[in-house]
Every structure is written in C-alpha cells, then in structure tokens.
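The values are calculated or read from the model by the stated rules, or taken from the named source; none is laboratory data. Everything numeric here is computed off the predicted structure, so don't read it as measured data. With ideal geometry, Cβ positions are generated from the backbone for all residues, glycine too; neighbour counts draw on all protein chains shown.
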C-alpha cells in the first residue's frame, strides 16, 4: 500500500497532465479520491515544514519503497516489527495524496513524508528549515522500463501504450510528474545544502550496507553492529518482496487484486 499506478490512473485523463502546472492539473485531471487534486496541492504549499521533518523524494520507480524500508528499520534500530505490522503508506504518508494527508496530520513527530513532487511544488517553508531530505535518482532508462511494466499491471489500461509510445511520453515529460530530467535537475540544485542526501538506486544495489550507513549519518543514528546487520537483512529485496506491508500499492489495480511493487532488483 504505497506508490499508486502513476502511469495508469492518471493517463485515463489521457492528456498526461503534468504536475508542474497546477492550473492545468485542476482543469484536466479527474479527481481520484486519495490522490492528487488542487486541494491536496494547496495543502502541500501551505504545509509548515519543521526542522525535524524527514522527506524522501524521488521520481516514480526510483527506489522509493526500498528507502522507506531502510529509514524505518534505522529508526527502529533494526527491529522489523514496525515494518512487518504497519503498511508503508502509514509509516511514511504521501505528501500530495488527499487520504495520506490525513495520516500525516495525525502522525507523531518527527514527520516522515514521501513524495514524487518536483521542487517547485514544495512548500516555501522547507527552504528556510533544516528538514532532512533523501533524494534518490535512478538511470532514466530503467525508470522508464519499470514505469511501463507497472502500467501494464492495470487491466483497464493494458495495451493503451506500446513501449515505444510510452518511451516517447517519458522522454517528452508527458507523464503525471512531468519530465524526469526537469525533476532531477531541479532537486540537484539542493545537493550542496545542509541535510540533503543524494543517493542513487544503483548504489543501493552495489553496496546496501554502505548506503544504509550514509542514511544513518544523515539521521544522526548510531547503530550497533548487530542492529546494522538487522537493517541490512530486512531491507534486502529477498525479504522485502515477501512483506505485504511493504510490497503492495496504495491503489489496487483491480477490485480483488493488489499490485506488487518489487518486480526485481536488477537493472531493466
């Protein structure tokens, strides 16, 4: 119960509404309960960011759910109980989705917030805060391929786009969150600021332990060797893919079948 079918539900409007234009969004997109509306974006812009808030920011299909699991395990000092009993959308509410905003307001501090929003839609209060941001980038070829496969899990839109058509839309930024290139370049302007950690999906694959240690340093968490080993174990793909608290979408792709997020941990 986490990342919605980005390439699916929103393309039912078929104008491929870009998140970078709220006016276009409010006029062209269907209002989908629990997802993005003009009201939910207004909530974001008016949200007062505090110094202890922790944000996870990604373009879709860039390791979002993997990092949610890592951060939650670090904060619980390697104890897997939290990640095994509470769905990840509750542990890390989505910033831009109506239903998740209700969860966010009831969440104990510090706020743990996940989002795919581009930097220009972030609240102004963030830029004068000391809030922590983890931004994950991924090879755009692999992002596009993963998004395409997620789209094809949804029966109602299966076959709507060929891969070539989808790749054209991706390259031109004609998807819900706009251009991968604009999204990435926008957030990279923060890379030298305090409390901003830039990571890549590929480095999570190459050296999960070292990546976890980087996140620990950002969060100011000092884990014992045993606690670190537990985080590494429970944040592995082999364990995560069996955890239904981490490996299902926020929206079902059909009435009786959830979509599973973790296809594989390899490129492509």
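Does at least one position in region 219-232 carry a residue that is modelled with pLDDT of 95 or more, closer than 28 Å to residue 149 by Cα and surrounded by 14 or more Cβ atoms within 10 Å (Cβ to Cβ)?
yes
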key: Residue within region 193-202 that is at pLDDT 95 or above, over 16 Å from residue 119 (Cα atoms) and surrounded by 17 or more Cβ atoms within 10 Å (Cβ to Cβ) present   = yes
note = In region 58-84, anything in contact with a helix residue (DSSP H, G or I) (Cβ under 9 Å, 6 or more places away or on another chain), buried (at least 21 other Cβ atoms within 10 Å of the Cβ) and in a helix (DSSP H, G or I) is listed as 65, 66, 67, 68, 69, 70, 71, 72, 73, 74, 83
ask   = Out of region 187-201, which residues are out of contact with any helix residue (DSSP H, G or I) (no Cβ under 8 Å at 6 or more places or on another chain) and part of a loop (DSSP other than H, G, I, E, B)?
value = 191, 192, 193, 194
ask   = So which pairs qualify, if the first residue must be in region 124-143 and within 16 Å of residue 167 (Cβ to Cβ), the second must be surrounded by fewer than 16 Cβ atoms within 10 Å (Cβ to Cβ), the Cβ gap must be under 6 Å, and the two must be at least 6 apart or on different chains?
value = 142/267
request  = Only helices (runs of 4 or more DSSP H) wholly contained in region 85-186 count here; list those with 3 or more residues that are farther than 24 Å from residue 54 by Cα.
outcome  = 140-151, 163-171
message = Looking at region 26-34, can you tell me whether even one residue there is modelled with pLDDT of 90 or more, on the phi > 0 side of the Ramachandran plot, touching a helix residue (DSSP H, G or I) at 6+ places or on another chain (Cβ under 9 Å) and not in a helix (DSSP H, G or I)?
response = no
